[in-house]
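Taking it in order: structure first as structure tokens, then the write-up.
Every number in this text was worked out from the coordinates using simple rules, so none of it is lab data. None of these values were measured; they are calculated from a predicted model. Because the Cβ atoms are built from the backbone with ideal geometry, glycine has one as well, and the counts that use them run over all protein chains shown.
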Amino acid sequence: MTNSPTILVFDSGLGGLTVLREVVAARPDAHYTYVADDAFFPYGHHSEDEIIARVVPLMGELIATHKPDLVVIACNTMSVSVMSHLRAAYRVPFVGTVPAIKPACAQSKTRRVSVLGTKATVKREYTQALIRDHSQGCEVTLVGSPELATLAEAALSGTTVDDSDIFAELKPCFVGNPEDTTARTDTIVLACTHYPLLLDRMERLAPWPVQWIDPAPAIARRVSDLLGPYGCGIAQTGAEMIFTSNRAHGLSATLTPFFGGRAVA
Ligand code: DGL
């Protein structure tokens, strides 16, 4: 491992920035390359085979070009579809983002947990297996949202997004008797990295208060453990952001906080 490791963070769009900001906070010594495969967005509308066929060769090109010491797959849809294929194909360590069902079920008091993800994520066998293995007797409601990732992209890019559109995607997560605090959903897993971008609005729109589970801090801890201790201070190499569509990001003022204040090339 070099003194200033390179971490490649990969998502379908801007959602992975919610993971990036935690990783940057945990590892200020690293150089960051953020890649948004926006040419293939939204991943949630693609089949498992389509995602494997897209991501495995693309990751090979990204590894050859950027030579990362570690890759973060900052996308649930990708992680539950293609991770084993990536690990089989490449030697670089991968850290994935998968629905945080185990911690959510461990902390739910009402034993009612909802998992809000893309339509693809909630359908995948990987997610079904997480529920079989880790629901700990909780009633788990899977909610496949067709549009929320797109709404989050729009909101971060400065487009007005109506509350009613967000609420329509969110509503099925709230299960049980609204009047009975012991018999209604109390925990929602944010199983798509785009959704924390809308968290303040989702909290405001929620019919009753719940705990929202965002796995990003746990992912950052895992990345830091894998990289090992560091001693070279803050990397001065800045950060890069790449869109596979080749569009210029033009969002620098909005993006800078996710990169810990670094200049984003
Ligand atoms: N950010 C991705 C995830 O975590 C999904 C967005 C998309 O559908 O491309 O699942």
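Beta-bridge orientation, the chain: approximately 5 percent antiparallel, per DSSP, counting only bridges with both partners inside.
The ranking of 230, 195 from fewest to most other beta carbons within 10 Å of each one's beta carbon is 230, 195.
Partner lysines whose Cα lies under 26 Å from the Cα of residue 171, excluding those fewer than 8 positions away in the same chain, are identified as 102, 109, 119, 123. Per-residue 3J(HN,Hα) values for region 27-33, derived from phi via the Karplus relation 6.51 cos²θ - 1.76 cosθ + 1.60 with θ = phi - 60°, read 10, x, 7, 8, 9, 10, 10 Hz in sequence order (x marks Gly and Pro). Residue by residue, region 225-230 carries 3J(HN,Hα) couplings of 4, 5, 6, x, x, 10 Hz when phi is fed to the Karplus relation 6.51 cos²θ - 1.76 cosθ + 1.60 (θ = phi - 60°); x denotes Gly or Pro.
For the chain, what does the helix formula give at 222 nm: sum of -39500 (n - 2.57) over DSSP H segments with n ≥ 4, over the residue count, nearest 500 deg cm²/dmol? It would help to have the intermediate numbers written out before the result.
Details: 11 runs with 105 residues, N = 265.
Here the helix-only value at 222 nm equals -11500 deg cm²/dmol.
From Cα pairs below 8 angstrom and at least 6 apart in sequence, can you work out the relative contact order of region 1-129, rounded to a whole percent?
On the way: 173 pairs, mean separation 35.5, N = 129.
Once divided by the residue count of region 1-129, the mean separation gives 28 percent.
Residues considered: 16, 117, 158. Largest GNM mean-square fluctuation over the chain, using C-alpha springs under 10 Å, is found at 158. Backbone phi angles across region 75-83, fed through the Karplus curve with coefficients 6.51, -1.76 and 1.60 (θ = phi - 60°), yield HN-Hα couplings of 8, 5, 4, 5, 4, 7, 9, 10, 4 Hz in residue order; Gly and Pro are listed as x.
Taking amide H atoms as placed 1.01 Å from N in the peptide plane, the amide H of residue 242 lies under 5 Å from those of 34, 35, 36, each 5 or more residues away in sequence or on another chain. Summarising the amide proton neighbourhood of residue 31: residues at separation of 5 or more, or on other chains, whose placed amide H is nearer than 5 Å comprise 6, 7.
Sorted from fewest to most neighbouring beta carbons within 10 Å, what does the list 109, 123 look like?
On the way: 109 10, 123 18.
So the residues, fewest neighbours to most, are 109, 123.
Scanning residues 5 or more positions from residue 211 or on other chains, those with amide H under 5 Å from its amide H are 187, 188, with H placed 1.01 Å from N in the peptide plane.
Based only on other Cβ atoms within 10 Å, what is the fewest-to-most ordering of 165, 186, 49?
Numbers: 165 14, 186 21, 49 9.
Ascending number of Cβ neighbours within 10 Å: 49, 165, 186.
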